[in-house]
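The values are calculated or read from the model by the stated rules, or taken from the named source; none is laboratory data. The model shown is predicted, which means the values in this text are computed figures rather than measured ones. With ideal geometry, Cβ positions are generated from the backbone for all residues, glycine too; neighbour counts draw on all protein chains shown. Quick note on the areas: whole protein, heavy atoms, side chains included, nothing else; ligands and nucleic acids left out. Shrake-Rupley method; radii C 1.70, N 1.55, O 1.52, S 1.80 Å.
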Amino acid sequence: MSGGGFAGLTVATALAQMGWSVRVHERARELRAEGAGIVLWNNSLQVLDRIGAGPDLASRSMTPPAYETRMNNVIQSQETLEGVRWRTMTRPHLHASLLTAARESGVEVIAGSEVVGATADGTVTFASGETAEADLVVGADGVGSAVRDSLGIPLKRERSGDGITRFLVPRRKAELQALEPDTEWDNVIDFWNLDPRVLRILYTPANDEELYIALMSPSADADGSRVPIDLELWTSVFPQLAPVLEDAARIPGRYYGYQTTRLDRWTEGKVALIGDSAHAMCPALAQGAGTAMQNAWTLAAAATAATDDMPEALREWERLERPITDLAQDRSQWYADTREMAKGNQFVGDSIRTALYNPTDPQRHEVT
Ligand code: FAD
Ligand code: 5PR
């Protein structure tokens, strides 16, 4: 396993529980998640349940009453998402839950170990110059994947004009309530302003104490995409969020441009790619990590069921599982290009299909 992020820890845990002996090589010296908050849906929550991470995850995460969308502070929709499983949490909490599950399942996690490449026959090379052989190599080393690049798999990158800076700050619910008493401050609130200037704040409570806020602006807008944030600009457009914007302004922050990566293929011999190394996507549907964990589970199951031909089993896994991830990538890119999310009622039809998928259901590909 190359990479100890959400994809790598999930596939490692699933494989270990299915009887494999598993080693995760993580480049960073410390095992922790970068970034702020995250939304997960049924597709990944099913996987987290199956690998035993569910209860720990639930202890510090929440399901907000609704996903609200506003345009110029006018409510467009409040989607209560009846019958849809979803939860919000911080990234560090999700990572810690996965790491606990991995260790309890006997996964060996080696920090400070950088992978520089792999070959189709299952040989992995490390920055130290050492090599190792494996029956299955998984490249879960993120959007800049060394495993993917070493295999020379052709890819296409599509960049968007918009990008985002994300923060974890204290909830300050009472202060927000004092400023806007009629607002349900436990909701996810997607505050859009398109006119006269494109500025958006996605407000996501992650638990009782922590709030995830993501500030979006076009990369061409120098003040909007500046970090640390331009407090005066953001509070002038979103005065009701002033208390939490003041906290965000004290954090250095980093502006990420949206992008999609599409590969010719996700596998090469005994090597499979999952997560951002294979299918990085725009965050609109909140499915980057979700699809990473979904594909981690299905890959572990497919590799475990493989008899003597691992490369063929991996190709068949990609054939079956890739369409649902392609759909999430396409929909997320489309939302990023059109900003159609600003109209509200976004989680319907094809835009909710990945979220509803259950990768642990053995009957999921049967035509009914
Ligand atoms: P990563 O999290 O990038 O992990 C890769 C790991 O590999 C890292 O630990 C890295 O240090 C390690 N590594 C890298 N290179 C090497 C190497 N050579 N050798 C060894 N180790 C290496 N997704 C959601 O599901 N919901 C959301 O709400 C959501 N919001 C997002 C918001 C933004 C602004 C962005 C940019 C993304 C968002 N995503 C979301 C997507 C999500 O963050 C990613 O899809 C997810 O983190 C991918 O997991 P991963 O394990 O594939 O990659
Ligand atoms: N949803 C989530 C998110 O974090 C972002 C978006 C949508 C949970 C941005 O980070 O549309 O950009 C989005």
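Filtering the stretch 140-155 down to residues that are of a type in the set (A, V, I, L, M) and near ligand 1 (Cβ under 10 Å from one of its atoms), which residue is most open to solvent (accessible area, probe 1.4 Å)?
Val143
Given the options Asp350, Asp326, name the one that is farther than 25 Å from Ala33 by Cβ, acidic (Asp, Glu) and open to solvent by 60 Å² or more (accessible area, probe 1.4 Å).
Step by step, each of Asp350, Asp326 is checked, and only Asp350 is farther than 25 Å from Ala33 by Cβ, acidic (Asp, Glu) and open to solvent by 60 Å² or more (accessible area, probe 1.4 Å).
Let me confirm something: among Thr338, Thr304, which residue is surrounded by 15 or more Cβ atoms within 10 Å (Cβ to Cβ) and of a type in the set (Val, Ile, Thr)?
After ruling out the rest, the residue left standing is Thr304.
If Tyr258 satisfies all but one of (1) under 23 Å from the mean Cα position of the chain (by Cα); (2) among the hydroxyl-bearing types (Ser, Thr, Tyr); (3) surrounded by fewer than 18 Cβ atoms within 10 Å (Cβ to Cβ), what's the number of the condition it fails?
For Tyr258, the exception is condition (3).
Any residue that is within 26 Å of Glu340 (Cα to Cα), touching a residue at least 12 places away in the same chain (Cβ under 8 Å) and surrounded by fewer than 20 Cβ atoms within 10 Å (Cβ to Cβ) - is there at least one of those in the stretch 281-298?
No, every residue in the stretch 281-298 fails to be within 26 Å of Glu340 (Cα to Cα), touching a residue at least 12 places away in the same chain (Cβ under 8 Å) and surrounded by fewer than 20 Cβ atoms within 10 Å (Cβ to Cβ).
For the stretch 27-60, give me each residue that is part of a helix (DSSP H, G or I) and in contact with a His (Cβ under 8 Å, 6 or more places away or on another chain).
Within the stretch 27-60, just Leu57 meets the criteria.
Listed here are the residues, each with its yes/no results for (1) within 11 Å of ligand 1 (Cβ to nearest atom); (2) of a type in the set (A, V, I, L, M); (3) not in a helix (DSSP H, G or I).
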residue	(1), (2), (3)
Ala96	no, yes, no
Arg103	no, no, no
Ser113	yes, no, yes
Gly117	yes, no, yes
Val138	yes, yes, yes
Gly161	no, no, yes
Gln177	no, no, no
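Select, from Thr291, Thr304, Thr298, the only residue that is touching a His at 6+ places or on another chain (Cβ under 8 Å) and among the polar types (S, T, N, Q).
Only one candidate qualifies: Thr291.
Scan the stretch 34-51 residue by residue and report those that are open to solvent by 10 Å² or more (accessible area, probe 1.4 Å) and more than 13 Å from Thr360 (Cα to Cα).
If the condition is that a residue be open to solvent by 10 Å² or more (accessible area, probe 1.4 Å) and more than 13 Å from Thr360 (Cα to Cα), then Glu34, Gly35, Ile38, Val39 are the ones that fit.
Just give me the residues in the stretch 92-116 being over 18 Å from Gly52 (Cα atoms), touching a Phe, Trp or Tyr at 6+ places or on another chain (Cβ under 9 Å) and open to solvent by less than 50 Å² (accessible area, probe 1.4 Å), in sequence order.
Ser113, Val115
Between residues in the stretch 200-213 that are within 17 Å of Ala66 (Cβ to Cβ) and residues that are within 11 Å of ligand 1 (Cβ to nearest atom) and not in a strand (DSSP E or B), which pairs lie under 8 Å by C-beta distance while being six or more apart or on different chains?
Going by the 8 Å Cβ cut-off, the qualifying pairs are Tyr212/Ala36; Tyr212/Ala206.
Which one of the conditions (1) assigned to a strand (DSSP E or B); (2) surrounded by fewer than 22 Cβ atoms within 10 Å (Cβ to Cβ); (3) more than 16 Å from ligand 2 (Cβ to nearest atom) does Val24 fail to meet, given that it meets all the rest?
So Val24 meets the others, but not (2).
Any residue at all in the stretch 232-248 that's within 16 Å of ligand 2 (Cβ to nearest atom), under 30 Å from Pro359 (Cα atoms), out of contact with any Phe, Trp or Tyr (no Cβ under 9 Å at 6 or more places or on another chain) and open to solvent by less than 30 Å² (accessible area, probe 1.4 Å)?
no
If Ser59 passes every condition in (1) touching a Ser or Thr at 6+ places or on another chain (Cβ under 7 Å); (2) more than 14 Å from ligand 1 (Cβ to nearest atom); (3) among the small types (Gly, Ala, Ser) but one, which one does it miss?
Among (1) touching a Ser or Thr at 6+ places or on another chain (Cβ under 7 Å); (2) more than 14 Å from ligand 1 (Cβ to nearest atom); (3) among the small types (Gly, Ala, Ser), the lone unmet condition for Ser59 is (1).
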